[in-house]
Structures are given as structure tokens and as C-alpha cells.
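The values are calculated or read from the model by the stated rules, or taken from the named source; none is laboratory data. All of these numbers come straight from a predicted model, not from anything done at the bench. Glycine gets a Cβ as well: all are built from the backbone with ideal geometry, and neighbour counts include every protein chain shown. With ligands, DNA and RNA removed, areas are computed over all heavy atoms of the protein, side chains included. Shrake-Rupley method; radii C 1.70, N 1.55, O 1.52, S 1.80 Å.
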Amino acid sequence: MDKSIWHLRNCELFQTLSEGWIRRLESRSRMATFHAKSPIRLPEDSSNYLYLILNGMVRLSHITVDGKESILAFVGPGEVFGEGAVIDGSEVEEHVMSIDKTSIMMIPASEVTELLNENSGLAFSLTKLVGLRRHRIERRIKNLLFVSIRERLIHLLLDLAEQFGTQTENGVLLKIRLVHLDIANLIGITRESVTILLGQLRQEGKLEIERQKIIIKDIRGLAKSVNRTPVSIEIKQALPFSLNPAMA
């Protein structure tokens, strides 16, 4: 129980809550663990929960009519998904799958909805979360239409650094497991193109890819190359990640 409460207290969304509300949410939630590459939710599933990732990571995606996957977002420890059940009770549209073994706290949407009516700070935080996630998706769609495949990859690397980066003495380490096909599905190019582009960035000294890890050597220079504001990494130190990045 204490561990569950710790996760709630350290989730950015719930940091403004009182001790009483934290314990209430914990007592009315339930836990679930999924093996790697297991479906967590399927499109059009009914859902009455807000999901908090305790450890591991999940992938949110759409499956097209011809069976191709379009990845929307990755959600890691301390983050939530399924906010539609809280905001408007909307039907699930995304396919959600675990990347690694993943533990999740399932918080009843009715409890969160009641809490929103009493806590303006939580309402603001939830609105901010939804807006940020939508902004990332809209930016990726815009990139698909208007920028080169090289720029798409760079923007994606910067997005991943912002969400999953941690500062090391050699640069910014991306602490997320992604195979080349995942990257291709995120930015709408082929797996072979991803391999070529990563190789070019490595040869240029912008990336270090070693022992299945990606490190951005000069994140400011990479951001400048696509006229983007440099990514701030300091805020990503609050919660540790247990994933080992893997490229294939």
C-alpha cells in the first residue's frame, strides 16, 4: 500500500492533492501487471479508468484498415493515459500495448471526476497533460507534411529527449526501448531509411549509438539544425527509468 501511495504522490498530475485524497484514490484503485508486448486496451473497449504507469512503458497507437500501425505516443513511469474516460467518457480509440513488463494502477474515472470538481489545480494539470500530448501529435503530423525525412527524425529525437532523456557526461541518453520499425511508424518512413539516417547522424558526431543505446551528443546543435528551441532535460530527473534502450 505504501508503495502505491508513493507512486500517486510522485505523479505530477496528483502532486497538489491532500493526503486524504491520495489515500482515497489508492484504496479505490486496483493494480494490474502486463507482460512485455501484451495488449492492455483495444479500440472501442469500454473503460472507466484513468491509468497510471508505475513501471515499464506502454505504446499508444492506431491500426489502419490495411493493418499498419501508426504510433501516437509512449507513456512511461509516473505518467497517465486514458484521460478521455475522465474528461468526456469517450470510447477508447487507441490500441495500447506494453513494451516491457509493465505495472499499472487503474484509478476509477468517477473518483477523478469528483476530484476535478473540488481541485482546480488537478483540473489545470489534466488540461495541460492533454494539451501537451495533443501538441506533440499535431507537430508530428505537421512534420509528415512539410519537412524532410531527416528533419522528421531529428524532431522525433528531440521529442524523445524531452520526454525520456536523462543527462549524462557524454550527452542526453534516451531511456526508452525503440526498434527501428517503431521509429519508422512514428514518423512515416521506412525502416531502411531510419537505419540510414541514424548512421548519418552518428557519422556526423551528433549521435552516439553504442551497446544498444542512443545518446544525443549535442542537443542544442541538433535543435538548432531544425530551428527549434533547445530541449530542457533537467525536469526529467524526478523519476528513474528501469528500461534499457534497444535498437534493432
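Listing for the model above:
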| quantity | calculated |
| --- | --- |
| Test: residue in the stretch 210-224 that is modelled with pLDDT under 85 and polar (S, T, N, Q) | yes |
| Test: residue in the stretch 95-107 that is open to solvent by 70 Å² or more (accessible area, probe 1.4 Å) and either within 21 Å of the chain's Cα centre (by Cα) or of a type in the set (V, I, T) (or both) | yes |
| Conditions (1) of a type in the set (S, T, N, Q); (2) open to solvent by less than 60 Å² (accessible area, probe 1.4 Å); (3) part of a strand (DSSP E or B); number of the one not met by S47 | (3) |
| The lone exception for E79 - which of (1) under 21 Å from M31 (Cα atoms); (2) charged (D, E, K, R); (3) surrounded by fewer than 15 Cβ atoms within 10 Å (Cβ to Cβ) it fails | (3) |
| Meets criteria (open to solvent by less than 20 Å² (accessible area, probe 1.4 Å), hydrophobic (A, V, I, L, M, F, W, C) and within 20 Å of the chain's Cα centre (by Cα)) for L72 | no |
| Selection count where residues are assigned to a loop (DSSP other than H, G, I, E, B) and either touching a helix residue (DSSP H, G or I) at 6+ places or on another chain (Cβ under 6 Å) or farther than 21 Å from K101 by Cα (or both), scope the stretch 1-42 | 4 |
